[in-house]
Amino acid sequence: MAKLNLNGKIIDVVVDGDTPLLWVIREQIGLTGTKYGCGVAQCGACTVHIDGVATRSCALPISAVTEDQKIVTIEGLSPDGSHPVQKAWIEHDVPQCGYCQSGMIMTAAALLQANPKPTEADIASEMTNICRCGTYPRVKAAILDVAASGAMNRG
Amino acid sequence: MTSATLTKPSRRAVLAGSAAAAGAFTFGFSIPFADEASAQGAGSVKEINAWVVVKPDDTVVIRIARSEMGQGTLTGLAQLVAEELNADWSKVTTEYPTPGENIVRKRVWGNFSTGGSRGIRESHEYVRKGGAAARTMLIQAAAAQWNVPAAECAAEKSVISHKSSGRSIRYGQVAEAASKLEAPKDVALKDPKDWTIAGKPLKRLDTVAKTNGSKVYGADLKMPGMLNAAIKDCPVFGGKVKSFEAAKVSSMPGVKHVLPVGETAVAVVAETWWQAKTALDALPIVWDEGEHAKVSSESLAEWLKEGLDAPQAVVGNQVGDVKGAIANAARVVEAVYAYPFQNHATMEPMNATALWTPERCEVWTPTQNGEAALAATAEASGLPLAKCEAYKIDLGGGFGRRGAVHDWVTQVVRIAKQVPGTPIKLLWSREEDMTHGRYHPLTQCKLTGALDKDGNLTGLHMRISGQSIVAGIFPQNIQNGRDPVVFQGLNAPGPEASIGYGIPNLLIDHAMRNPHVPPGFWRGVNLNQNTIYLECFMDELAHAAGKDPLEFRRALMKNHPKHLAVLNAAAEKAEWGKPLPAGVFRGICQTMGFGSYVAAVAEVSVSDDGKLKIHRIVAATDPGHAVNPAQIERQVEGSFVYGLSAALHGECTVKDGRIVEENFDTYTVMRLDEMPKVETVIVPSGGFWGGVGEPTIAVAAPAVFNAIFAATGKRVRTVPLAKTDLRKA
């Protein structure tokens, strides 16, 4: 039994304490936008925000998450897909297969929240998610676009 | 902040799917969940023809037979149909017919296979004709309604008009009438220079759902009453399960079944996948590892090395007398290259969901070939093909892994058959995916080049030793010991995968050596290693001849104008020959495959401590016709990520008969920090249709390896680069 603060709601889940947060989100709560890619915190497809910090949920046991930590998944990033990163992703036609993109977007959103004007070097060091289709150039361009727009400084 | 609602397949939708596939063809149904770009519920709306449905509200539903795995085929094919249809692009959506429907309708949608960069290049003509025929019928229906000759009417952006009377009518208003008309016997296609939708850099149709978590992949599928399965196949290929102790895990949380899967695998079925995986990890399994349990990368390398000089080899391309040319050469250059096993490593691991009953078997799966998935379903189910159906789900990466072989489909059906009436979703762990792939083939190549006293190439012998993909997957296609695909990019002049050089004495032959590790079609296929072998060696020959690598190539390309034009396009854009910043060096290469001509120039530097930095890539592509330049750019960029991941890092090593690398911590792939700037030059010369998803992969490694030689004087002859020490001596 655990209580989670997820996408602004308090949710009770009945689950073994060793279960990674990823699988609680996907299988208990039923939100499948957060993806399984590796299970060892390598690829970043499972990235969610915990108190605003991009966190790989596949290797984080639910027992290590407390009720006062605010978890946000891709489904909760904005009510209508209007987060500046989501808008930039659409504008730049970033996704190819799309499987890694929830994680990419969540990582980018956290990066821009913490650092609204990242340099290319900042982006290279923070965006360590794996994309096999090869969207990296568009990911970088979209993040730089959000930074240049100043959208993360507003509201 | 609100939590988004997840789309769940309803029982009704699942049942509707069953009805649809049973033969009563209703096109509203494709897969039992909503998707941004996949129209749901065309309902009772009649199709104009197999490719086009127009709804009363003018929504145009274009049927797509090929699979979308990120490469943009869905959008490109829709553009081609919409172009000929003169449709309003803003009202275009798409849907997938099912493989079962294709069979019922005598394969009206043609081939579903989506590999070999064939999605557009092999279906452009009939899909365009489908669009043109539908336009003709819509115009005819309007003309009949107005009682005027159809020739006096024209259609633009889904509106038909009759100029002299000033009347106009929307497609949606005449769609039903049009659907009752006989299809025209012949239709003329537009000249590509008149295109307004095709040929344009339009945005993809399927992006929004990939930015908000609503896109449902196979791994995300949910059905009422569904159980989840995790699987372990024998770690040594060719081995079997000897025994397993189900009782040790059957009381673990959520566990429902512990099942054998064929002779080689064991699955745990549980309420959740995490429970299934946890129990499977705790399950004691004894394997009969079989005859290959001692094989290692080293033993395989020795075996292939022996093939480099073996007397028996199959000839792929032969001109003149290469032995004589080598015997009479002023200088002979020789080198041996090697390419390892590599995993496709799609981001979404293999998965499928199956529902088996004694009367029917259905599978939902990400697949590059819906018809092959259906065939695998039928075979494993023990039911006739007509009682089976496979539903395609957009793929979280394909790269060739999800096309020719559907081993995971066979597995899920074997599991579901043991739990009749219960939908079973099988998801491979990353570890299972890494160690049970269909790997990039293992080959070596010995190249011997003959130069005359002026440094001209007079003869070349390429001896390839190693694995045949075709022998591993379609052994019936091996004729007289010859695998035709193994010579990709090295073939005699012709429209497919031909060598770009006129070498007076040439011999390219193959000594087949097939390891027990199963090979697969891996994005770029044999063009990848063959281009490394040939293009890095051309660089070696140019260096030995004391010539500029570009000029050395050009001298051999007089009778290969398309190869030459694309090489020149890359060289010009990269300003080959102009000085670079201190410490930065260039490499160049070209190849031809999947119907397209490609070339690349890489600019790199190597630090004293051996660290490579790729500063810039210029890549040129001539695909004949460019259906969507924006998506071609993305395929070219992505090809460098995939190709350079392979070149710099990619290797699956074999120890004790099994694959050693189990996850991304040991199987390294390129991340954003290594990504160079890629400048794409598209030079469509017209007159042919080439693919764009794969050819550029092949030029990634040789361009960079040749640049590394320019920078360091060190040849990279073994993939991956990580095996070569680039530190300054």
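Report every pair of residues separated by at least 6 positions or lying on different chains whose Cβ atoms are under 6 Å apart, first residue within region B:617-645 and not assigned by TED's automatic domain parsing to the domain that holds B:Gln71, second aliphatic (A, V, I, L, M) and at pLDDT below 95.
So the pair list comes out as B:Val627/B:Ile120.
I want to confirm something. Restricting to region B:451-469 and keeping residues that are aliphatic (A, V, I, L, M) and closer than 14 Å to B:Pro519 by Cβ, which single residue is surrounded by the fewest Cβ atoms within 10 Å (Cβ to Cβ)? Even if it seems obvious, please write down each step before you answer.
First, pick out the residues of region B:451-469 that are aliphatic (A, V, I, L, M): B:451, B:457, B:460, B:462, B:464, B:469.
Now restrict to residues that are closer than 14 Å to B:Pro519 by Cβ: B:464, B:469.
Working: B:Ile464: 33, B:Ile469: 25.
By that ranking, first place goes to B:Ile469.
State yes or no: is B:Gly691 of a type in the set (Gly, Ala, Ser) and part of a loop (DSSP other than H, G, I, E, B)?
yes
Just for region B:663-675: of the residues that are at the interface with another protein chain (Cβ under 9 Å from one of its Cβ atoms) and assigned to a loop (DSSP other than H, G, I, E, B), which one is farthest from the chain's Cα centre (by Cα)? Don't jump to the end; show me each part of the working.
If we filter region B:663-675 for residues that are at the interface with another protein chain (Cβ under 9 Å from one of its Cβ atoms), which is where we start, we get B:663-665, B:669-675.
Add one more test, that the residue is assigned to a loop (DSSP other than H, G, I, E, B), and what stays is B:663-665, B:669-671, B:675.
On the way: B:Asn663: 22, B:Phe664: 21, B:Asp665: 24, B:Val669: 18, B:Met670: 18, B:Arg671: 20, B:Met675: 21 Å.
Residue satisfying both the conditions and the ranking: B:Asp665.
List the helices (runs of 4 or more DSSP H) inside region B:318-433, counting only whole elements, that have at least 2 residues being of a type in the set (Ser, Thr, Tyr) and not assigned by TED's automatic domain parsing to the domain that holds B:Pro518. Give the derivation first.
Numbers: elements: B:322-327, B:370-381, B:407-417.
Qualifying helices (runs of 4 or more DSSP H): B:370-381.
Test A:Asp80 against the criterion of being facing another protein chain (nearest Cβ under 9 Å), closer than 24 Å to A:Ile10 by Cα, surrounded by fewer than 17 Cβ atoms within 10 Å (Cβ to Cβ) and more than 13 Å from the chain's Cα centre (by Cα), and give yes or no.
yes
Quick check on my filter: what residues within region B:203-236 are more than 8 Å from chain A (Cβ to nearest Cβ), in a loop (DSSP other than H, G, I, E, B) and in contact with a helix residue (DSSP H, G or I) (Cβ under 8 Å, 6 or more places away or on another chain)?
If the condition is that a residue be more than 8 Å from chain A (Cβ to nearest Cβ), in a loop (DSSP other than H, G, I, E, B) and in contact with a helix residue (DSSP H, G or I) (Cβ under 8 Å, 6 or more places away or on another chain), then B:Leu205, B:Met223, B:Pro224, B:Cys234, B:Pro235, B:Val236 are the ones that fit.
Inside region B:463-509, can you point out the residues that are in a loop (DSSP other than H, G, I, E, B) and more than 24 Å from the chain's Cα centre (by Cα)? Explain how you work it out, then say what you get.
Looking only at region B:463-509, we keep the residues that are in a loop (DSSP other than H, G, I, E, B), and these are B:467-468, B:474, B:478, B:480-481, B:483, B:488-490, B:492-497, B:499-504.
Matches in region B:463-509: B:Asn480, B:Gly481, B:Ala492, B:Pro493, B:Tyr501, B:Gly502, B:Ile503, B:Pro504.
From the list A:Thr34, A:Thr19, exactly one residue is surrounded by fewer than 23 Cβ atoms within 10 Å (Cβ to Cβ), touching a helix residue (DSSP H, G or I) at 6+ places or on another chain (Cβ under 6 Å), within 11 Å of another protein chain (Cβ to nearest Cβ) and among the polar types (S, T, N, Q). Which is it?
Values: A:Thr34 fails: surrounded by fewer than 23 Cβ atoms within 10 Å (Cβ to Cβ).
Checking each option against the conditions leaves just A:Thr19.
I'd like to check something: does region A:83-92 contain any residue that is of a type in the set (D, E, K, R), over 15 Å from B:Gly213 (Cα atoms), touching a Gly at 6+ places or on another chain (Cβ under 7 Å) and modelled with pLDDT of 95 or more? Don't jump to the end; show me each part of the working.
Step one: list which residues in region A:83-92 are of a type in the set (D, E, K, R), which gives A:87, A:91.
Now drop any that are not over 15 Å from B:Gly213 (Cα atoms), which leaves A:91.
Those still in the list that are touching a Gly at 6+ places or on another chain (Cβ under 7 Å) too: none.
No, every residue in region A:83-92 fails to be of a type in the set (D, E, K, R), over 15 Å from B:Gly213 (Cα atoms), touching a Gly at 6+ places or on another chain (Cβ under 7 Å) and modelled with pLDDT of 95 or more.
Residue under question is A:Gln28, and the condition is that it be within 9 Å of chain B (Cβ to nearest Cβ) and over 15 Å from B:Ser214 (Cα atoms); does it hold?
Working: within 9 Å of chain B (Cβ to nearest Cβ): yes; over 15 Å from B:Ser214 (Cα atoms): yes.
Yes.
Quick one: count up the residues across region A:83-126 that are within 10 Å of the chain's Cα centre (by Cα), polar (S, T, N, Q) and more than 9 Å from every other protein chain (Cβ to nearest Cβ).
1
Go through region B:267-291 residue by residue and tally those that are hydroxyl-bearing (Ser, Thr, Tyr) and closer than 24 Å to B:Lys417 by Cβ.
The first filter runs over region B:267-291 and keeps only residues hydroxyl-bearing (Ser, Thr, Tyr), leaving B:272, B:278.
With closer than 24 Å to B:Lys417 by Cβ added as a condition, the list becomes B:272.
Summing the residues that are hydroxyl-bearing (Ser, Thr, Tyr) and closer than 24 Å to B:Lys417 by Cβ in region B:267-291 gives 1.
Taking only region B:296-317 into account, find how many residues are free of Cβ contacts under 8 Å to residues at least 40 places away in the same chain and either assigned to a helix (DSSP H, G or I) or among the polar types (S, T, N, Q) (or both). Spell out the reasoning first.
As a first pass, look at region B:296-317 and keep what is free of Cβ contacts under 8 Å to residues at least 40 places away in the same chain: B:298-299, B:302, B:311.
Filter once more, so that each one left must be either assigned to a helix (DSSP H, G or I) or among the polar types (S, T, N, Q) (or both): B:298-299, B:302.
Final tally of qualifying residues: 3.
Looking only at region A:57-77, filter to residues that are facing chain B (nearest Cβ under 9 Å) and aliphatic (A, V, I, L, M); which one of those is surrounded by the fewest Cβ atoms within 10 Å (Cβ to Cβ)? It would help to see each step written out before you state the result.
Filtering region A:57-77 down to residues facing chain B (nearest Cβ under 9 Å) leaves A:72-77.
After this cut, where a residue has to be aliphatic (A, V, I, L, M) as well, the list is A:72, A:74, A:77.
Numbers: A:Val72: 22, A:Ile74: 30, A:Leu77: 25.
Per the stated criteria, the residue is A:Val72.
Can you spot a residue in region A:32-42 that is without any contact (Cβ under 8 Å) to a residue 24 or more places away in the chain, in contact with a Leu (Cβ under 8 Å, 6 or more places away or on another chain) and closer than 14 Å to A:Thr73 by Cβ?
Checked region A:32-42: at least one residue is without any contact (Cβ under 8 Å) to a residue 24 or more places away in the chain, in contact with a Leu (Cβ under 8 Å, 6 or more places away or on another chain) and closer than 14 Å to A:Thr73 by Cβ.
Give region B:40-98 a look and list any residue that's part of a helix (DSSP H, G or I) and out of contact with any Lys or Arg (no Cβ under 6 Å at 6 or more places or on another chain), or say none. Outline the logic, then answer.
The initial filter retains those residues of region B:40-98 that are part of a helix (DSSP H, G or I), namely B:73-85, B:89-91.
Hits for region B:40-98 are B:Leu74, B:Gly76, B:Leu77, B:Ala78, B:Gln79, B:Val81, B:Ala82, B:Glu83, B:Trp89, B:Ser90, B:Lys91.
Return the pair list, or none, for Cβ contacts closer than 8 Å from residues in region A:92-112 that are in contact (Cβ under 8 Å) with a residue 40 or more places away in the chain to residues that are among the aromatic types (Phe, Trp, Tyr), at least 6 apart or on different chains.
Close Cβ pairs satisfying both conditions: A:Pro95/A:Trp89; A:Tyr99/B:Tyr217.
Conditions: (1) buried (at least 24 other Cβ atoms within 10 Å of the Cβ); (2) touching a Phe, Trp or Tyr at 6+ places or on another chain (Cβ under 7 Å). B:Glu661 meets all but one. Number of the miss?
Of the numbered conditions (1) buried (at least 24 other Cβ atoms within 10 Å of the Cβ); (2) touching a Phe, Trp or Tyr at 6+ places or on another chain (Cβ under 7 Å), the odd one out for B:Glu661 is (1).
Output the number of residues of region B:677-691 satisfying the condition of being at the interface with chain A (Cβ under 9 Å from one of its Cβ atoms) and not β-branched (Val, Ile, Thr).
Within region B:677-691, the first condition is being at the interface with chain A (Cβ under 9 Å from one of its Cβ atoms), and the residues that meet it are B:677-678.
Applying the additional criterion that residues be not β-branched (Val, Ile, Thr) yields B:677.
So the answer is 1.
Looking for whichever is at pLDDT below 95, farther than 18 Å from B:Ile588 by Cβ and away from chain A (no Cβ under 14 Å) here; the options are B:Ala626, B:Ala729. Which one fits? Full working, then the answer.
On the way: B:Ala626 fails: at pLDDT below 95.
Only one candidate passes the filter, namely B:Ala729.
The values are calculated or read from the model by the stated rules, or taken from the named source; none is laboratory data. Worth saying up front: this structure is predicted, and the values here are computed from it rather than measured. Cβ atoms come from the backbone with ideal geometry, glycine included; neighbour counts cover every protein chain shown.
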